[in-house]
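Engineer: There's a structure below that I have some questions on.
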Amino acid sequence: MLFPIAAAVMLTNIALLELYLLHDLPEPMNIHYLADENPLYRVFVYGTLKRGEPNHSLISDVTCGYSKFLGLGRTAVPYPLIIATRYNIPFLLKKPGVGHHVIGEVYDVDTKMLSKLDELEEHPGFYERSMTDVILAPESKLKGTDNFEEVGSLMKVWVYFLPKFRESLLESPMYSSYSNEGSHGLKYCETEESTIRPEDLH
């Protein structure tokens with residue numbers, strides 16, 4: 001009795017395999033296993049990691065891990081986005097309710113890429129990665145930056161904040177979006193040899 005059952009199971013498996021090969025269908029996979037092994041994290045970037053900016057090569061480098069651009073994001077509450085230090089680094093100060101609704105880019109990244117971003121941002125010793133709400137909108141549906149609420153959706157994302165800083169930094173010019181080529185004229189010039197210490201901003 002066992003032999004006919006085993007034979008039927010085997011023939012079914014062969015038929016399924018032939019079906020996948022014949023129609024060039026993707027092989028079935030254990031979605032749960034993949035998600036547990038390497039989950040995706042949603043990250044909002046507002047400075048030098050954006051497209052066209054000095055550090056974008058990191059987030060687009062496949063050897064650093066997986067990343068996928070999802071669209072433009074705008075913070076749900078205002079934050080102070082400033083440019084500071086002699087290296088002209090953009091910082092998002094952790095002071096909700098001050099400044100502007102900041103516009104940036106939203107990416108899905110895997111664990112390896114998130115680790116590279118943490119390393120670049122010196123989390124948690126310098127910047128601090130924490131969750132905040134942003135409105136994510138498809139770039140193709142935006143008319144300038146005026147209709148985020150109409151075409152976007154609210155979600156929680158990871159963002160790199162500067163958690164501790166001198167109060168005098170709140171007197172700096174604040175921006176709603178960052179560009180290294182902006183009219184502010186403050187070109188980013190940090191290098192691997194640059195040494196920024198937390199106390200420089202405290």
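Engineer: Using a 1.4 Å probe, how large is the accessible area of K156, given in Å² and rounded to the nearest 10?
Structural biologist: 120
Engineer: How large is the Kirkwood hydrodynamic radius of segment 89-137, counting all unique pairs of alpha carbons, in Å?
Structural biologist: Working: mean 1/r = 0.0788 Å⁻¹.
With all distinct Cα pairs of segment 89-137 included, I get 12.7 Å.
Engineer: Here is a further query. Mind pulling up the Rg/Rh value for segment 65-186? Radius of gyration and Kirkwood radius, both on Cα. Intermediate values should be presented prior to the final figure.
Structural biologist: On the way: Rg = 14.6 Å, Rh = 15.2 Å.
With Rg and the Kirkwood Rh in hand, the quotient comes to 0.96.
Engineer: Something else now. L170 to N38: FRET efficiency via 1/(1 + (r/R0)^6), r the Cβ-Cβ distance, R0 35 Å, to the nearest 0.05? Walk me through the intermediate numbers first.
Structural biologist: Details: r = 39 Å, r/R0 = 1.12.
FRET efficiency, L170 to N38: 0.35.
Engineer: So if R0 is 25 Å, what FRET efficiency would E122 and K68 give, r being the distance between their Cβ atoms, rounded to the nearest 0.05?
Structural biologist: Working: r = 24 Å, r/R0 = 0.98.
Efficiency, from the Cβ-Cβ distance: 0.55.
Engineer: Using a 1.4 angstrom probe on heavy atoms only, work out the carbon and sulfur share of the accessible area of segment 115-173 in %. Walk me through the intermediate numbers first.
Structural biologist: Working: 1650 of 3380 Å².
Reported share for carbon and sulfur atoms: 49 percent.
Engineer: Same structure, new question: Solvent-accessible area of K141, probe 1.4 Å, all protein chains present, reported in Å² to the nearest ten, please.
Structural biologist: Accessible surface of K141 is approximately 120 Å².
Engineer: Taking only protein heavy atoms and a 1.4 Å probe, what accessible area per residue, in Å², does segment 69-202 have with all protein chains in place? Kindly include the intermediate steps, with their values, before the conclusion.
Structural biologist: Values: 6770 Å² over 134 residues.
I get 51 Å² per residue for segment 69-202.
Engineer: Any idea of K68's accessible area? Nearest 10 Å², probe 1.4 Å.
Structural biologist: 110
Engineer: What is the calculated FRET efficiency for S140 to V77, with r their C-beta to C-beta distance and R₀ = 22 Å, to the nearest 0.05?
Structural biologist: On the way: r = 26 Å, r/R0 = 1.17.
The value I calculate is 0.30.
The values are calculated or read from the model by the stated rules, or taken from the named source; none is laboratory data. Worth saying up front: this structure is predicted, and the values here are computed from it rather than measured. So basically every Cβ, Gly included, is an ideal-geometry build from the backbone, and we count neighbours across all protein chains shown. Just the protein is used for accessible areas: all its heavy atoms, side chains included, with ligands, DNA and RNA removed. Shrake-Rupley method; radii C 1.70, N 1.55, O 1.52, S 1.80 Å.
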